[in-house]
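Step one of this worksheet: look at the structure below.
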Ligand SMILES: Nc1ncnc2c1ncn2[C@@H]1O[C@H](COP(=O)(O)OP(=O)(O)OP(=O)(O)O)[C@@H](O)[C@H]1O
């Protein structure tokens, strides 16, 4: 089974993916930040590096989805989906004129070819968080290159996340508002998420 966690930068996907994999004894595939050849440059100059970064993420997410389906004997939780790359991050860059229209169209054609070759996750868990929560987590994590992220960028992404969550029809999507949750340090908060997931997965 393929479980995917979606949500804006700093929503807590990586932490939740880790905690869920420990709790359910699932496999886990993280987003590759170390070893990403474009990410730091992208945050310095988005217009220059947007297309390069998007192609890198698209390929990495596509390989993950293929790998998960080939591991049919095991449930795997994935930190971020290919949908977010195309309909949230790349779209935001095109809308903001930080990616040329012809590059975005080229990217979307590549995305279409790829999406036809993979299956949708069995469950998507969307971690919904407002700006103050995202900001505080980004600050806490302290990655140098993320400190330049503007409020506007995060707010635009949040709007696209909401559109995505409301229009997603390829499978089940569970929305969890995490503004007042601390599922990393508070067992009750983590339990609250597990209960909702059990229900969505049809577990008792
Ligand atoms: N398609 C994309 N376009 C632009 N930036 C992306 C894309 N996918 C991921 N990123 C960036 O790569 C980095 C990934 O970091 P990480 O895996 O820690 O996830 P995160 O989004 O910060 O989430 P969380 O805190 O919820 O785990 C972030 O800076 C994120 O914004």
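Any read-out appearing in this document is the output of simple, stated calculations on the displayed coordinates, not a laboratory observation. Remember, it's a predicted structure, so these values are computed and weren't measured experimentally. A quick note on method: Cβ atoms are made from the backbone with ideal geometry, for glycine too, and the neighbour counts reach across all protein chains shown.
So the values come out like this:
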| quantity | calculated |
| --- | --- |
| Spin-label pair residue 144/residue 24, simplified geometry with 7 Å Cα→Cβ offset, distance in nm | 3.7 |
| Relative intensity, log₁₀ I(q)/I(0), of segment 149-204 from a Debye sum that treats every alpha carbon as a point, q = 0.16, 0.27, 0.29 Å⁻¹ | -0.70, -1.04, -1.06 |
| Shape category assigned to segment 52-104 from the gyration tensor of Cα positions, a/c cut at 1.5 | prolate |
| Fewest-first ranking of 109, 114, 1, 99, using other Cβ atoms within 10 Å as the exposure measure | 109, 1, 114, 99 |
| Angle in degrees between helix 131-141 and the longest Cα principal axis of the chain, rounded to the nearest 10 | 90 |
| Shape box of segment 1-114 [Cα atoms, principal axes, largest first, Å] | 43, 29, 22 |
| Compactness of the chain, expressed as Rg and Dmax over alpha-carbon positions, Å | 16.5, 50 |
